[in-house]
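The values are calculated or read from the model by the stated rules, or taken from the named source; none is laboratory data. Just so it is clear, the model here is predicted, and its values are computed rather than measured. Every residue, glycine among them, receives a Cβ derived from its backbone with ideal geometry; neighbour counts consider all protein chains shown. Each accessible area value is taken on the protein alone, full model and side chains, heavy atoms only, with ligands, DNA and RNA left out. Shrake-Rupley method; radii C 1.70, N 1.55, O 1.52, S 1.80 Å.
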Amino acid sequence: MTPPWTPLAIGGPTGTGKTVLAVEVAHRLGGELLNADSRQVAARLRVGTAAPTRAELRGITCHLLDLCEPGDPFTVADWVRRTRACLDDLDTRGVPAIIVGGTGQYLRALREGWELGGGPPDPRRRAKLAAIAASADGMASLVVELRARDPEGAAALDLGNPRRVIRAVELLRGGEPSLARARRRTGGRRLDLVVLDAERGLHREALTHRLDTMFVGGALLAEVAAELSRGTAPAALRRAGIGYAEALDMIDGRLDVAAASAVAMQRTRRYVKAQRTWFRQEDAALRLERGPGSTTSGMAEAVLAMIAAGRDHPAGTASLRKFSRKP
């Protein structure tokens, strides 16, 4: 049976306002959100992952948050399995689904119907690889190995994401001839993908504000300190996303606030560049750019217009640029 709603997905670089737009669209459609950010699946890590707060969600339900303990294995296959189950539930209830997040590999895996092979991770092998990936040189060595074993697969992977790299090396060391062979496509889920970006100057301001809130205000340090007091291993926090390693270095006295924020900003810019490259290659139903005169309400209207036009109508670049500057 054809689902009553084609799920909507809102992806793009971090800090462009994807969640704000998704919440507005959800209110207008009577929909619910599904998280597609690989960092936000970790329990309790809200500040450094920029997970949506209750106030930001404005009463809208957001699924697929807080799915595992920090540092616990959580693969693309895990996310796809949980997302399919959630979409089935929403289909049954007749509720529109809006998937939102910047982990492009999640969205591609769902659209293409990936079934990642290789079996479950081996805990001892995973621990060894995680220890290697904990340092910059070690992470670089895994990337070199991945490129040597499977150049094509490496080119399609987010090589800045330790969990993705570790899982890929696991699969190849475990006997898979390639990552492509490890992914058996069994029929993907159609998504109407909206790619959201932001004008560069505006985006820099948003990212600077986010990092100031994390570091200058002390919110991230408090979150990290709370996790350490719970017994969460520092190594697990270092793998939790940009900002956590810097916060730990602040606690250890290796960085001050200004230096930690600068390092995190440098890493964030590299991450944003990789996200833009990824989403530029994706087949999108609509591409939007948030500009100085843009409003969330206006962008939501463009998304709803795309849906009403039959979902198969791609908007032109020129019209989208004009729209992005609409007050």
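Every residue, every condition in (1) modelled with pLDDT of 95 or more; (2) touching a strand residue (DSSP E or B) at 6+ places or on another chain (Cβ under 6 Å); (3) among the basic types (K, R); (4) open to solvent by less than 20 Å² (accessible area, probe 1.4 Å), yes or no:
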site: Y271; (1), (2), (3), (4): yes, no, no, no
site: D283; (1), (2), (3), (4): no, no, no, no
site: G291; (1), (2), (3), (4): yes, no, no, yes
site: S297; (1), (2), (3), (4): yes, no, no, no
site: A308; (1), (2), (3), (4): no, no, no, no
site: R311; (1), (2), (3), (4): no, yes, yes, no
site: P314; (1), (2), (3), (4): no, no, no, no
site: R325; (1), (2), (3), (4): no, no, yes, no
Only one of (1) open to solvent by 60 Å² or more (accessible area, probe 1.4 Å); (2) charged (D, E, K, R); (3) under 30 Å from G30 (Cα atoms) is not met by D197, so which one is it? (1)
For A133, state whether it is within 30 Å of T6 (Cβ to Cβ), more than 15 Å from the chain's Cα centre (by Cα) and of a type in the set (A, V, I, L, M). no
Would you mind stating whether E246 is modelled with pLDDT of 95 or more and farther than 21 Å from G160 by Cα? no
Being part of a loop (DSSP other than H, G, I, E, B), on the phi < 0 side of the Ramachandran plot and surrounded by fewer than 20 Cβ atoms within 10 Å (Cβ to Cβ) is true for just one of L202, L159. Which residue is that? L159
Being out of contact with any strand residue (DSSP E or B) (no Cβ under 6 Å at 6 or more places or on another chain), at pLDDT below 90, of a type in the set (D, E, K, R) and open to solvent by less than 50 Å² (accessible area, probe 1.4 Å): is that true of R108 here? no
Among R93, R82, the single one that is open to solvent by 60 Å² or more (accessible area, probe 1.4 Å), touching a Leu at 6+ places or on another chain (Cβ under 8 Å) and under 30 Å from E24 (Cβ atoms) is R82
Might you check whether a residue that is under 27 Å from A26 (Cα atoms) and of a type in the set (D, E) occurs anywhere in segment 279-286? yes
What number of residues within segment 232-256 satisfy the criterion of being open to solvent by less than 60 Å² (accessible area, probe 1.4 Å) and more than 24 Å from the chain's Cα centre (by Cα)? 3
So which residues in segment 33-71 are among the charged types (D, E, K, R) and free of Cβ contacts under 8 Å to residues at least 40 places away in the same chain, if there are any at all? R54, E56, R58, D66
Out of all the residues in segment 75-98, which are closer than 23 Å to V23 by Cβ, within 21 Å of the chain's Cα centre (by Cα) and aliphatic (A, V, I, L, M)? A85, L87, A97, I98
For segment 208-230, check the following and say yes or no: at least one residue is assigned to a helix (DSSP H, G or I) and under 29 Å from A154 (Cβ atoms). no
Out of T6, T61, T49, which single residue is open to solvent by 10 Å² or more (accessible area, probe 1.4 Å) and at pLDDT 95 or above? T61
Mind listing just one residue for me: the one in segment 214-231 that is under 18 Å from G15 (Cβ atoms) and touching a residue at least 12 places away in the same chain (Cβ under 8 Å) and, of those, most open to solvent (accessible area, probe 1.4 Å)? V216
